Amino acid sequence: MKSDDSSNHDEQSRGKVSVSDQLQNSLLSNRRAILVLLWGVTGFLGLPLLWLSSKFTPAEKLLYSVLVTIYSLFLIGIAVGIVWWAYLRIMG
């Protein structure tokens, strides 16, 4: 026997799209937002978002994946170089 709370939840979840689902769908359909996230915020950690989007062709997804990965590795290399430089300055 179902309780009133669970049957009410079933009715609400059936046929309705939550706000978070709407936001996710609108984000995935916005090419500019995905590119800003990839290049400005997440780097290669945002690649799954790129691959979930239907607004990019497979060739574009592959190209952006390679470029963002190289870009991210370059930035990591710069950070490591700064840390190494600081370490050498501190230690001697």
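Note down all Cβ pairs under 9 Å where the first residue falls in region 74-92 and is in a helix (DSSP H, G or I), the second is surrounded by 10 or more Cβ atoms within 10 Å (Cβ to Cβ), and they're at least six residues apart or on different chains.
75/43; 76/43
When region 52-72 is examined, which residues are found to be free of Cβ contacts under 8 Å to residues at least 12 places away in the same chain and of a type outside the set (Lys, Arg)?
Once the filter is applied, which keeps residues that are free of Cβ contacts under 8 Å to residues at least 12 places away in the same chain and of a type outside the set (Lys, Arg), region 52-72 yields 57, 58, 59, 60, 62, 63, 66, 67, 70.
More than 12 Å from the chain's Cα centre (by Cα), in a helix (DSSP H, G or I) and surrounded by 10 or more Cβ atoms within 10 Å (Cβ to Cβ) - does that describe any residue in region 26-39?
Yes, region 26-39 contains a residue that is more than 12 Å from the chain's Cα centre (by Cα), in a helix (DSSP H, G or I) and surrounded by 10 or more Cβ atoms within 10 Å (Cβ to Cβ).
No value in this document is a laboratory result; all are computed from the given coordinates. All of these numbers come straight from a predicted model, not from anything done at the bench. Because the Cβ atoms are built from the backbone with ideal geometry, glycine has one as well, and the counts that use them run over all protein chains shown.
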